[in-house]
Amino acid sequence: MPRGFPLQKLRNIGIMAHIDAGKTTTTERILYYTGKTHRMGEVDDGAATMDWMEQEKERGITITAAATTCFWEGHQINIIDTPGHVDFTVEVERSLRVLDGAIAILCGVGGVEPQSETVWRQADRYHVPRIVFVNKMDRIGCNFENAVTMLKERLGANAIPIQLPLCQKEKFSGIIDLISMQYRIYHEESLGATFEDIPIPSDYLDKAKKSREELLEALTFYDDQLLEKFLNDEPILADEIKRALRKATLDVKVFPVLCGSAFHNQGIQKLLDAVVDFLPSPPDIPPVRGINPIKNREEERIPSDNEPFCALAFKLASDPYVGKLIYFRVYSGKLKVGSVVFNANTRVRERMGRILEMHANKRLDKQEVFTGDIVAAVGLRKTMTGHTLCDQKKPIILEKMSFPEPVISVAIEPRTKADQDQLSQALSKLAEEDPTFNVKINSETGQTIISGMGELHLEVLVERMMREFGVKANIGKPQVAYKETITIPTEAEGKFIRQTGGRGQYGWVKVRLEPLPKGDGFEFEDATKGGILPKEFVPAVKKGIAESMQSGVLAGYPMVDIKAILLDGKYHEVDSTELAYRISGSLAFQEAASKADPVLLEPVMDVEVAVPDEYLGDVINDLNSRRGNILGIHPKGDVQAISVVLPLSEMFGYATRLRSLSQGRAIFTMEFDHYEQVPKNIFEGLITRLRGY
């Protein structure tokens with residue numbers, strides 16, 4: 001069955017923003033105006049199509065990225081609505097990895113907010129072209145010019161307005177299009193489905209002409225024909241502007257800025273036009289590159305149905321009706337349902353039992369997928385997030401996806417023995433779905449410890465266990481996910497010698513540990529010479545050291561940023577085994593680490609507190625008492641925004657404290673920034689407490 005439309009008419013886009021900027025509301029309006037739905041779902045009344053999980057409806061936030069497909073002006077648009085809360089940043093990360101373009105939504109009042117910066121940087125990392133939609137232009141205190149300025153100053157983005165909001169009597173009444181030089185007004189009785197394009201009101205014409213001149217001047221850097229016409233003062237057609245703007249946007253040199261009010265149904269059709277006009281189709285982006293695991297060389301896949309099949313699995317979800325769903329993006333080739341695909345990461349062949357086109361939690365069976373499609377599969381048992389699916393005759397492994405490490409943990413235990421199996425199954429499935437959710441057993445206490453990106457993240461996961469899997473469990477208090485490292489180089493020996501009659505165990509090594517720069521993880525070097533130690537035992541030593549690093553010498557936390565050098569070793573021709581060298585490597589590491597002035601590292605958070613002027617002093621004093629390092633204070637609308645970094649351990653219970661200090665009027669956002677050494681003045685007391693935990 002051939003593709004139903006040209007590949008150039010496909011758009012794979014994401015919708016990303018800070019929490020409460022209006023992502024889901026905007027998506028609901030897009031679905032309504034494209035005819036995908038016949039009523040507008042609202043976040044506030046729990047009826048949003050894309051927020052289908054019970055927790056999303058109750059909390060009014062997006063928790064999991066939801067995919068859908070719609071059509072506009074002969075183009076197919078695949079949309080992923082991503083969460084805005086920093087605790088669910090993994091959903092944004094893996095969505096951006098497989099998308100070609102994105103809509104960044106800003107609140108017209110708040111402008112560029114903390115999570116706006118985070119998702120923008122994520123999109124920068126994947127070189128994703130973007131258009132910006134400044135939403136909520138109907139709100140009191142909205143400021144379009146300020147939002148554009150913040151894009152330029154905070155994000156370093158070359159943001160160019162292609163629209164202006166028109167406000168009459170302090171009410172948002174329509175949009176001036178700087179490309180067509182028309183003023184669009186929307187009809188309230190049709191819920192914005194109908195509109196009129198009329199001449200720009202005379203008292204706004206000068207401002208519109210000036211803004212259009214700035215738009216044209218900015219685009220002359222990217223289009224020689226436009227430059228020539230601009231310098232010769234010749235008329236420039238709308239299509240010529242669109243051509244230049246599309247080229248600059250695809251090169252991620254320019255970010256067109258639009259405006260509107262999704263809640264009041266204004267600006268969505270123009271936004272859809274911009275998606276079609278300025279965001280890329282699969283052929284507009286560079287071919288994906290990966291490693292051929294057989295020939296060990298780099299190869300690329302051109303976006304074409306005639307190329308060998310290549311797809312990336314970017315999300316795993318447990319579905320109560322069909323089991324495990326694997327979401328994947330097809331980068332090249334085509335595939336029919338029932339076909340066998342090759343998982344290049346695990347080197348196993350898997351059969352596509354069903355292929356589903358997703359619309360939030362609803363699904364439509366497809367018989368065949370083509371280049372550029374984003375779909376879900378049933379029947380892939382050995383495929384996980386980040387795996388490459390391909391043609392076995394033309395294998396390729398695409399670049400792996402990287403995810404942040406969890407920073408907060410809680411202990412969890414089943415209420416009864418009967419709940420034990422259900423708990424284990426639920427934890428296993430949730431850990432499969434979410435790469436930022438970790439489960440481990442504390443070797444000393446035997447407790448099951450779950451770790452995530454924040455209190456809300458773990459709270460939602462625990463709720464899902466209870467609702468979706470019927471697990472009854474007791475949850476401990478949140479604990480910080482500390483790490484340990486060393487500060488000075490040291491050397492130590494490790495011996496493991498057992499003789500019980502017959503063949504024994506013999507392993508002896510000498511290891512040197514050196515601290516590495518922050519974030520370098522673990523390195524291992526074999527510095528033995530002259531065959532002192534048979535090469536087959538060296539990997540066992542490395543494995544023993546790596547295993548020991550999972551449980552540090554201070555309080556049992558993972559150790560990081562350490563280089564281990566194998567200096568010397570001895571072996572016995574009969575008794576030496578891999579097990580003996582694994583244990584001796586572990587013993588040498590523990591001895592050396594305990595002598596290397598080990599220190600504790602704590603997660604430090606980037607926090608922004610928005611507080612009215614009258615409570616500013618009290619909030620600052622409280623932040624200082626929590627070991628906060630205030631980076632700056634700047635006005636944002638009618639409040640002051642405090643930027644501060646402080647340890648996660650000081651943030652437990654902060655929401656309640658902040659409400660108390662500000663009579664409920666201040667809010668804060670928080671995201672992980674980096675790990676930092678615990679100050680000496682609190683180190684000993686903290687270690688004593690942690691060892692007792």
Requested in this report: Taking the residues in the stretch 324-376 that are assigned to a strand (DSSP E or B) and acidic (Asp, Glu) as candidates, determine which candidate is surrounded by the most Cβ atoms within 10 Å (Cβ to Cβ).
Outcome: 350
Report summary line: Taking first residues from the stretch 668-683 that are free of Cβ contacts under 8 Å to residues at least 60 places away in the same chain and second residues anywhere that are surrounded by 14 or more Cβ atoms within 10 Å (Cβ to Cβ), the pairs with Cβ under 8 Å that are 6 or more apart or on different chains are 679/627
Query - Test: residue 541 is without any contact (Cβ under 8 Å) to a residue 60 or more places away in the chain, over 25 Å from residue 676 (Cβ atoms), part of a helix (DSSP H, G or I) and under 40 Å from the mean Cα position of the chain (by Cα) - result: yes
Requested in this report: Test residue 524 against the stated conditions and say whether it is under 14 Å from residue 578 (Cα atoms) and surrounded by 12 or more Cβ atoms within 10 Å (Cβ to Cβ).
Outcome: no
Requested in this report: Determine, yes or no, whether residue 514 is assigned to a helix (DSSP H, G or I) and open to solvent by 10 Å² or more (accessible area, probe 1.4 Å).
Outcome: no
Requested in this report: Within the stretch 250-273, count every residue that is under 16 Å from residue 218 (Cβ atoms) and in contact with a Leu (Cβ under 9 Å, 6 or more places away or on another chain).
Outcome: 6
Report task. Among the numbered conditions (1) buried (at least 18 other Cβ atoms within 10 Å of the Cβ); (2) of a type in the set (A, V, I, L, M); (3) within 30 Å of residue 456 (Cβ to Cβ), tell me where residue 475 comes up short. Result -> (1)
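Restricting the search to the stretch 396-418, which residues are part of a loop (DSSP other than H, G, I, E, B) and either touching a residue at least 24 places away in the same chain (Cβ under 8 Å) or under 26 Å from residue 483 (Cβ atoms) (or both)?
Once the filter is applied, which keeps residues that are part of a loop (DSSP other than H, G, I, E, B) and either touching a residue at least 24 places away in the same chain (Cβ under 8 Å) or under 26 Å from residue 483 (Cβ atoms) (or both), the stretch 396-418 yields 396, 399, 400, 401, 402, 403, 404, 405, 406, 407, 415, 416.
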Query raised in the report: Can you tell me how many residues in the stretch 121-156 are among the aromatic types (Phe, Trp, Tyr) and either over 18 Å from residue 24 (Cα atoms) or touching an Asp or Glu at 6+ places or on another chain (Cβ under 6 Å) (or both)?
Result: 2
Query raised in the report: Is there any pair linking a residue in the stretch 131-149 that is in contact (Cβ under 8 Å) with a residue 12 or more places away in the chain to one that is surrounded by fewer than 20 Cβ atoms within 10 Å (Cβ to Cβ) and in a strand (DSSP E or B), with Cβ under 7 Å and at least six apart or on different chains, and which?
Result: none
Query raised in the report: Which of the residues that make up the stretch 385-410 are modelled with pLDDT of 85 or more and open to solvent by 20 Å² or more (accessible area, probe 1.4 Å)?
Result: 387, 391, 392, 393, 394, 397
Query raised in the report: So, of the residues in the stretch 251-271 that are surrounded by 21 or more Cβ atoms within 10 Å (Cβ to Cβ) and of a type in the set (A, V, I, L, M), which turns out to be modelled with the lowest pLDDT?
Result: 262
Report task. Of the conditions (1) over 16 Å from residue 110 (Cβ atoms); (2) in contact with a strand residue (DSSP E or B) (Cβ under 6 Å, 6 or more places away or on another chain); (3) surrounded by 15 or more Cβ atoms within 10 Å (Cβ to Cβ), residue 687 clears all except one; give me its number. Result -> (2)
Report task. Please work out which one of (1) touching a residue at least 40 places away in the same chain (Cβ under 8 Å); (2) assigned to a helix (DSSP H, G or I); (3) not hydrophobic (A, V, I, L, M, F, W, C) is the condition residue 393 fails and give its number. Result -> (2)
Query - Filter pass, residue 149 being more than 20 Å from residue 271 (Cα to Cα), at pLDDT below 85 and either out of contact with any Phe, Trp or Tyr (no Cβ under 8 Å at 6 or more places or on another chain) or open to solvent by less than 40 Å² (accessible area, probe 1.4 Å) (or both) - result: no
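The values are calculated or read from the model by the stated rules, or taken from the named source; none is laboratory data. None of the values given here were measured: they were computed from a predicted structure. So basically every Cβ, Gly included, is an ideal-geometry build from the backbone, and we count neighbours across all protein chains shown. Accessible surface areas use protein heavy atoms only, side chains included; no ligands, DNA or RNA. Shrake-Rupley method; radii C 1.70, N 1.55, O 1.52, S 1.80 Å.
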